[in-house]
Structures are given as C-alpha cells and as structure tokens.
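Trainee: Before anything else, here's the structure in question.
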Amino acid sequence: MHFFEGTAEFLSVILLSAFSANESLFESHKQKLAESMQKQNLSFQRATFGTWKMVVEYFSKQTRQLLSENGKTAEDAKNDRAVCADIFSDPSLALPEALSRKELAAIISTTNKLRNDWSGHGGVVGQEQSQPRNEQLFGEVQKLREAVADTWTETQLIRALHCRPRCGVFENEVAVLMGSNSEFLKETRSMATWLDVERLYLSKKDSGRALKLFPLVQVGPSPQSAKNACYFFNRLERDGARFVSYHFTDKPELTGQFNEATAVIKFLTEM
C-alpha cells in the first residue's frame, strides 16, 4: 500500500511540475483543483493518498485534452500538442501519453479506495485477511506495470552533480537514479541550460531537455547514513515540513525547514 501511495505522489509531482512550467496554463487549473479538493476536505498542507489521487485524476485528464485532436482544428490540435511537449520537456510526447492513460488513474483510485476501506475496518488483520489483500494489491502492481510499460526505460530520473559550459551548451554531469544498485550510474548530458544540483529532473536521453521537478520527492544519502533513501513530502509543520520514507527503516522520517518544499506548497495553495 505504501508503494501505491508513493507512486501517486510521484506521478502528482510530475504532473504539477509540468503544468506549472506554463504559468498561464497552470493558473487556469489551480483554482478548479483547489475547489475540488476543498469539497472533499483535502489539502496540500496535510497531504494524503486522497490528495495525490485527485491531482492524478485532474491533471491526467487535462493532459489527455491537450493530446486529443477531437473537436479541434488541425492547427489548434498541433498547438496543444506542442504545448504538451514543451511543459513535459519531451518532444516525443511519450511521457505525457503514459501519464495520461485512464488505466493509470484508475489504479490509483482503486488502491486509494482499498486503503480507505481497510483502514476503517478496525482490529488486527490476521493471515486469512492479509493474504487475499496482498494478492489483490499485487494484481494492481501488475496492472501498473502494463500501464506504464517501458516509460521509465525511455525517461529517466536524474540529479545533477556539476556543470561545465562548453561551446554554447552546458555539459551536465548527472546521476541516473534508476535500478536497485545504490551506486547510481553517472553520465554527461549536453543541454541548452544548466541543471540545479539541489533538484531532481526527468529527462529523455539525448533529448537535450529536462523537466525540473517540485522538491516534494527527495532521493539521496540520508542524514545519518551513506545509504541512498527516497523521501516523500507528508505535511507542513510549525517549524517546517515533514518527509517520510516508505522503505528506509533506519530513518523513516525527516523534519526540518525544507524551505523550497514549503514554498512550493504555499504556491500551490495561494490563490
């Protein structure tokens, strides 16, 4: 269940990062999303599985509309697809096409409902209950694999290590945050701009472009260990923000200032 909650937040971060890259486009949706969240008593300040489910449902639909040619002139359809390619930093449109699939939003919706149903059941869950639940969730994992297919083979999560300008381009040395090996592969990628070493990006190899992600998901060495860990934004607190890890038992949560993450949450909520 933690896997699906983390997946929902990761997909939400990608969609929010992409749409916010176009200020006028994002402003047209920001109010509508806020109103929908308010009706269901959801918020970014205290984010839940339900929060991220709604974000995925809303922006995957908006992405489908940008990609669709239905009811548009040929020129309008071409312009919308160009906008989509630009905000996702993906000229091939493979990433937005994958994230906009109805099957993906349905999986997030189904697992969110299962979580709500099971958490409200009460009492200790025995082996007779846990086994079929596990099998049901594994079935959703299989559906998710089919829905995203080879998306993450083509589009990679990267973190910049350092940058060197050369002949009018920026040679960014990056760590490719893929695979089970904690020693991430390092590559040099030439791009039209430099990458911030404090942020994560999604980039299709050889595209020369990268989508800068909101700092609500963090990957890197934990404060008390050399091991790499992944942390997800959980909520704002009086003295900053709280991040949680769904796999790193040595340090399952982080609390602190996280000024950039706090600023993003305020940006998403201020009208």
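The values are calculated or read from the model by the stated rules, or taken from the named source; none is laboratory data. Not measured: the values here are computed from a predicted model. Here the Cβ positions follow ideal geometry from the backbone for every residue, glycine too, while neighbour counts run over all protein chains shown. In case anyone asks, the SASA skips ligands and DNA or RNA and just uses the protein heavy atoms, side chains included. Shrake-Rupley method; radii C 1.70, N 1.55, O 1.52, S 1.80 Å.
Trainee: Considering only region 20-46, how many residues are under 21 Å from ASN116 (Cβ atoms) and without any contact (Cβ under 8 Å) to a residue 24 or more places away in the chain? Step through it out loud before you land on a result.
Mentor: Step one: filter region 20-46 for residues under 21 Å from ASN116 (Cβ atoms), giving 33, 36-46.
Now restrict to residues that are without any contact (Cβ under 8 Å) to a residue 24 or more places away in the chain: 36-42.
Count: 7.
Trainee: Given the criteria surrounded by fewer than 19 Cβ atoms within 10 Å (Cβ to Cβ) and not charged (D, E, K, R), does ASN116 qualify?
Mentor: yes
Trainee: Output yes when any residue across region 47-61 is open to solvent by 70 Å² or more (accessible area, probe 1.4 Å), closer than 30 Å to ALA229 by Cα, in contact (Cβ under 8 Å) with a residue 40 or more places away in the chain and not hydroxyl-bearing (Ser, Thr, Tyr), and no when none is. Explain how you work it out, then say what you get.
Mentor: From region 47-61, those open to solvent by 70 Å² or more (accessible area, probe 1.4 Å) are 61; that's our starting set.
Subsequent filtering for residues that are closer than 30 Å to ALA229 by Cα retains none.
No; the residues of region 47-61 include none that is open to solvent by 70 Å² or more (accessible area, probe 1.4 Å), closer than 30 Å to ALA229 by Cα, in contact (Cβ under 8 Å) with a residue 40 or more places away in the chain and not hydroxyl-bearing (Ser, Thr, Tyr).
Trainee: Test each condition in (1) within 30 Å of ARG238 (Cβ to Cβ); (2) in contact (Cβ under 8 Å) with a residue 60 or more places away in the chain; (3) open to solvent by 80 Å² or more (accessible area, probe 1.4 Å) for PHE4 and report the one that comes out false.
Mentor: (3)
Trainee: For region 188-271, give me every one of the strands (runs of 3 or more DSSP E) that falls completely inside it and has 2 or more residues that are of a type in the set (S, T, N, Q) and touching a residue at least 12 places away in the same chain (Cβ under 8 Å). Write out each step before concluding.
Mentor: On the way: elements: 200-204, 217-221, 228-237, 240-244, 253-256.
Those strands (runs of 3 or more DSSP E) span 228-237.
Trainee: Within region 80-113, track down each residue that is open to solvent by 20 Å² or more (accessible area, probe 1.4 Å), more than 16 Å from LEU16 (Cα to Cα), assigned to a helix (DSSP H, G or I) and of a type outside the set (Gly, Ala, Ser).
Mentor: Listed by number, the residues that qualify are ASP80, ARG81, LYS102, GLU103, THR110, LYS113.
Trainee: Select from region 126-163 the residues that are over 22 Å from the mean Cα position of the chain (by Cα) and under 25 Å from GLN218 (Cβ atoms) and list them in ascending order.
Mentor: Once the filter is applied, which keeps residues that are over 22 Å from the mean Cα position of the chain (by Cα) and under 25 Å from GLN218 (Cβ atoms), region 126-163 yields HIS162, CYS163.
Trainee: Can you find a residue that is over 12 Å from MET1 (Cβ atoms), without any contact (Cβ under 8 Å) to a residue 40 or more places away in the chain and in contact with a helix residue (DSSP H, G or I) (Cβ under 9 Å, 6 or more places away or on another chain) anywhere in region 131-147?
Mentor: Within region 131-147, not a single residue is over 12 Å from MET1 (Cβ atoms), without any contact (Cβ under 8 Å) to a residue 40 or more places away in the chain and in contact with a helix residue (DSSP H, G or I) (Cβ under 9 Å, 6 or more places away or on another chain).
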